[in-house]
Amino acid sequence: QLKGLGSGDDPIMVDNINRHRKNEAGYRFRNSEELTAVGKSRRKLEKERWDQVQEDPYFYDFEDIRQIYEFDRRHQYHFRDEGVTRQGVQWTEEAFKERYDKMKASADNLSPTSKKKTNAELDLWLSGARPPTFRREEISHQAQFRDTILTFARINNYRSRLWDLKQERVEQLTDSNLQVLVLAHLHQQIVRLEMHLKHVERDMQSTAQVLLIRRLAEVQYADAAEIRMLAQQDLREKEMVTVGKVEDAEDSEQAARELGEQVRGLLRQRVYVERKMEGVMERQRNQREKADGLLQGVEEMQNKVESMHYRQRGVVVPTPYGHCQVLLYREADDMVVVKLPKNKQMQMRMYLPLAVCMQIEREISESARVAMEAEEEASRVYYKAENELRAAETQMMADEERTQRDQIKFAKEIEEEEATVDLTVTQAVKDARKFLKRPEGKNEITDRVLKALAKHEKTVDHKIRTWRGEGKRPKKFKNHDRLWYRISQRGVQKKLFLEEQASLSESEARNAIEQKHRNRAEEATFEFIIYGFLHEYITSVASEALKAGLEAKRRAEEETGIVFPDPPHMQYEVYHVLSNWWMSKKKELQKNLEQWGARSAQDELRWEAEKANRNKLMRDVELREKLETEKRRQEELCREMMKEEAYCRRFYKDEMKQCLDERRQMRASEIEKRLFDKQLKLFEEMQSSKYQIAGATGFDEEEAVPGGMTAKEHRRLQLKKNRADKQRQRREIEKMMEEDELSGQVRAELRKIEQQAALKKEMELYGMGEGEEEMEEDDRSIHSDFSSEDESEDEEEAAELARIVEAEDLDPDQARELRRKMRKKRRLEKLR
C-alpha cells in the first residue's frame, strides 16, 4: 500500500467476501471462524444494509415479475441466440463465457474505430448481464414490489367485479318481481278472455267453412262455364262438319239445355251461399264488436294495474313541476297528493289527477322509444357502412396476401435456381477434375502448356528485338528454361481449365434459367391478353349486343302488341321470325273462319260476354293471389324485424358491457396517473431541495449519485417516523374510542326520543278531526330511516373538519379538540 499498489486488504478475505456476496447459500468455508470473519467484514463494510438484509422477513428470488420470468423460461433458447441476459434465460457459465469470447474475437478483427465502439457495447452488455451485488438486490426488491402491486390490483379488480355482479343481481331480482306481479294479474283476467275467444274462434271456423264452400262453388261455376263454351265450340265445329244432320243438332241442343240447367243450379247455389254468407258476416261483426268492448275493458284494467304503482306512499312520480314524492292517494276522485321539491321558505303539497302523472310517464317513455329508434337506425347505418368497409378491406387484404404469396414463391424459385446453378458448377468442376486424370485430359493440358510456351517465346523474342539498351537485357529462352516454364505452367493451365469449365457450366445454367423466365413471361403475357383483355373486350361486346337485342325486342313488343315472355333473353331476330309466323298463322286462320265459319251477331255478343266474365274471374283470382303474397311478405318482414330487434338488444347489451369495461379501465388509469403525478411532484421537490434529499441510492462508487442522503439514511429516518406515527395513532385511537362510546349513548337516547315523537305524529296524521295545518307539520318531520340523518351529519362533520384542518394547518390535538366542540354544539342544538 505504501508503494501505491493495492488497497492494503487481505486478498484472500476480499475473494471470500466476493464469493459470499454472489451466493451465500452455496458459499464453501473451511471452518466457522472463517464464516464469522466474513460476516463481520461484510457488516463493517455494508453497515445498515447488512442489518436490514438480515432482519428482512421476506426472501427475494426474482429479478423480474413472475410473468416475465416464466415467459423468459419458455423462450430461453431464442433469447440466448439474441443475447438477452435476463434471469429467466438461465445462462450457464460455459455458455456465457463462450458468447463473450466469440463477441470479443469478432471485435478484434474490426477497424480501430469500430473496435472501440464494439468493445463499449460489449462492456455495457457485460455490466447488464452481471450487475453488482447491491444493484441486483435493488432490482430484486423492485421486482417483488411490482409483483405485490400487481397482486393487489388483481384482487381489487376481482372485488370490483363482484360488486358489479351483486348490483346487477339486485336489479334483475327487482325486475323479476315486478314482472311476476304483472303476470299474476294477467293470469287472473285471462280466463274470461279465453272463453270469449273460444266463441269467436268457433264462429270464425264456421265462417271459414262457408267461405270454402263459396270458393268451391265459384270454381265449379267457372268449370261449368268453360265446359259450356267448349261445348258450344264443339257444336259449331260439328255443324260445319255434319251439315244437314238434324239428329246431331238436336242432341247438341239437348246437351246445351242440360248444361244450362247445371249452370242455373250452380247460380242458385251461389245465391244461397251468398245469403248464408251475409248472416255469417253479420255474426262476425257482432263478435268483433264484443271483442273490441272486451279489449277496451282489458285496457282499462291494464291502466288500473299500472296506476297501482303511483298509489303507494313515498313513490316518486313525474308532474308538470318536476318529480315529486307521493304522500296520499284519494280513491274517490283518483287524485294524488304529492309533496313539491324542498324550498327554504316553505313546504307545499299539490293535488292533481292520477291520469296526469300517468300521461307524463307515457310521454317520457314514448320520447325515449323514439330516441332509441333513431339511435338504432343510426347504428344500423353505421354498421352497414362498417361492413362495406370491412368487405373492401378484406378484398384488399386478400389481394395483398395473393401478391405476397407470389413473391414468396418467386423468391423460393430464385433460391432453388441459385442452388441448381451451384450444384451444376460443382458437378462440372468434379467432371473436369476426372477428365484431367484421364489421358485425354493430360493431353489437353499438354497442348495448352505448349501453346502458352510458344506464346511466351514469341513475347521474349519480341522484347529482345525491341530492346533499346534501357534496363536489364532480356535473356533468350534455353532448354532448361523451357522445361521449368512447362512445369510451372502445368498447374496454372489446370486451374484455368477448371475455371473455364465452371464458367461455361454456370453460363449454360444461367441461360437455361433465363430461357425459362422468358417462356414464363411470354405465357403470362399471353394469358393476360387472352383471359384479361380479350375476355373483357368480348364480354363487353356481347353484353352490348345482348342489351341492344333486348331493347329492340321490347320496342317491337310495344309497337306490335305480340309478346313472347319465354325465354326472357330472346333476341330481336328470333322475335321477328316468331312474330311473322304468328301473323301468317293468324291471317290463315281468319281466312278459314271467314270462309267456313257461320257466326251470327248473337254468338259474337255471347262470346264477348263470356270473355268478359272469364277476364273478371281471372282478375279476382289475381287479386286474391296478390293479397296472399302481400300477407306473406308482411309476415316475413315482421320476422326480420323481430330478428333485428333481438340483434339490437344484444348489441346494446354488449355495448353497455364494453362501456363499463372502458370506464373501469379509465378509472384505473386515472388512479395510476394521479399516483404517478404525486410521486413525480414529490421527486421534483426532493431534487429542487438545497439539502439534497434525493441523494444516492447505493454504496458502490459506480452506483452512487453525488450529493445527497443514502437510501439507508432515508430508510432509518422513515423507521423513526413510523414509530412516532404508531404511538400517536395508538393514543388517538384510545381517545376516539372513549368519545365514540359517549356519542353512541347520546345518539341512542336522542334516536329514542325522535322515534317516539315521529310515531305520535304519524298516528295523529291518520287520525280524525285534525286540521290541515297539523297534518302539514306532521308530514315535514316524517322520514323512513332515523339513523341515516346521524350518519349523514357525521360524514358532513368529518368533511368540514378536514377542510378546517387543511385550511388552518392544525396539529392532531387541536383537530380533536375542535371535533369535540363541534359534536357538543350539535347535541345542544338537537336538545333545543
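Where a Cα-Cα gap under 22 Å defines reach, which lysines qualify for K44, not counting those fewer than 8 residues away within the same chain?
Excluding near neighbours in sequence, the set is K22, K712.
Tell me, what % of the accessible area of the range 151-278 is carbon and sulfur with a 1.4 angstrom probe? Provide the component values of the computation, followed by the final result.
Working: 5910 of 10400 Å².
The nonpolar share, carbon plus sulfur, comes to 57 percent.
Near the amide H of C324, under 5 Å away, which other amide H atoms are found, from residues 5 or more places off or on another chain, if H is placed in the peptide plane?
Those lying under 5 Å, H to H, from C324 are V317, T319.
Viscosity 0.692 mPa s, temperature 37 °C: Stokes-Einstein D of the range 517-558 from its Kirkwood Cα radius, in µm² per second?
Numbers: Rh = 12.4 Å.
For the chosen part, D equals 265 µm²/s.
With a 1.4 Å probe and all protein chains left in place, how much of the accessible area of the range 411-455 comes from carbon and sulfur atoms, in whole percent?
55 percent
In nanometres, what is the gap between the two model label sites at F564 and I155, each 7 Å from Cα along Cα-to-Cβ?
8.9 nm
For the pairs K166/K643; K455/K476; K752/K824, note any where the Cα-Cα span goes beyond 22 Å. Walk me through the numbers on the way to the answer.
Details: K166/K643 31 Å; K455/K476 14 Å; K752/K824 19 Å.
Exceeds cut-off: K166/K643.
Per residue, what accessible area does the range 367-506 have, given a 1.4 Å probe and all protein chains present, in Å²?
Numbers: 11210 Å² over 140 residues.
Result: 80 Å² per residue.
Reported to two decimal places, what Rg/Rh ratio describes the range 151-260 when computed on Cα atoms with Rh from the Kirkwood expression? Each step should come with its number before you reach the end.
On the way: Rg = 38.4 Å, Rh = 22.4 Å.
Taking Rh as the inverse mean 1/r over Cα pairs, Rg/Rh reads 1.72.
Can you give me the distance in nm between label points at D481 and E514, each placed 7 Å from the Cα along the Cα-to-Cβ direction?
About 4.4 nm separates the two model spin labels.
Let me know the Rg and Dmax you get for the range 200-331 when you use only its Cα atoms, in Å.
33.0, 106
In Å², what does the accessible area per residue of the range 158-310 work out to with a 1.4 Å probe? Could the numbers behind the result be given before it?
Details: 12060 Å² over 153 residues.
In whole numbers, the range 158-310 has 79 Å² accessible per residue.
Apply the Karplus parameterisation 6.51 cos²θ - 1.76 cosθ + 1.60, with θ equal to phi minus 60°, to every residue of the range 280-291 and state each ³J(HN,Hα) to the nearest whole Hz, in sequence, with x for glycine and proline.
Karplus-based 3J(HN,Hα) across the range 280-291 equals 5, 5, 5, 5, 5, 5, 4, 5, 5, 4, 4, 4 Hz.
Under 10 °C and 1.306 mPa s, how fast does the range 387-469 diffuse according to Stokes-Einstein, given a Kirkwood radius computed over C-alpha pairs? Answer in µm²/s, whole number. Don't skip to the answer; put the middle values down first.
Values: Rh = 19.0 Å.
It comes out at roughly 83 µm²/s.
What lysines does K673 reach when the alpha-carbon gap must be under 21 Å and sequence neighbours fewer than 8 apart in one chain are set aside?
K681
Within straight cross-link reach of K616, meaning Cα distance under 28 Å, which lysines are found once same-chain residues fewer than 8 apart are removed?
K276, K586, K626, K631
Please compute P(r) over all alpha-carbon pairs of the range 444-513, binned at 10 Å starting from zero, and give each bin as a whole-number percent.
Final binned percentages: 18, 33, 25, 15, 7, 1.
Could you sort the peptides 316-327, 658-669 by per-residue average Cβ neighbour count (10 Å cutoff), highest mean leading? All intermediate terms of the calculation are to be shown ahead of the outcome.
On the way: 316-327: 15.1, 658-669: 10.8.
Packing order, densest peptide first, comes out as 316-327, 658-669.
At 1.4 Å probe size, with the rest of the protein present, what percent of the exposed accessible area of the range 490-560 is carbon and sulfur atoms? Walk me through the numbers before you get to the answer.
Numbers: 3200 of 5390 Å².
Reported share for carbon and sulfur atoms: 59 percent.
How high is the FRET efficiency between E93 and S488 when r is their beta carbon distance and R₀ equals 56 Å, given to the nearest 0.05?
0.55
Could you compute the FRET efficiency for L211 and R633, with r as their C-beta to C-beta distance and R0 at 22 Å, rounded to 0.05? Numbers along the way, then the final one.
Numbers: r = 22 Å, r/R0 = 1.02.
Result of the calculation: an efficiency of 0.45.
Evaluated at 10 °C with a viscosity of 1.306 mPa s, what Stokes-Einstein diffusion coefficient in µm²/s does the range 272-405 have when Rh comes from the Kirkwood expression over alpha-carbon pairs? Walk me through the numbers before you get to the answer.
Numbers: Rh = 21.0 Å.
The estimated diffusion coefficient comes to 76 µm²/s.
The values are calculated or read from the model by the stated rules, or taken from the named source; none is laboratory data. Keep in mind that what you see is a predicted model, and the values were worked out from it rather than measured. Here Cβ is always computed from backbone atoms with ideal geometry, including for glycine, and neighbour counts include all displayed protein chains. Accessible surface areas use protein heavy atoms only, side chains included; no ligands, DNA or RNA. Shrake-Rupley method; radii C 1.70, N 1.55, O 1.52, S 1.80 Å.
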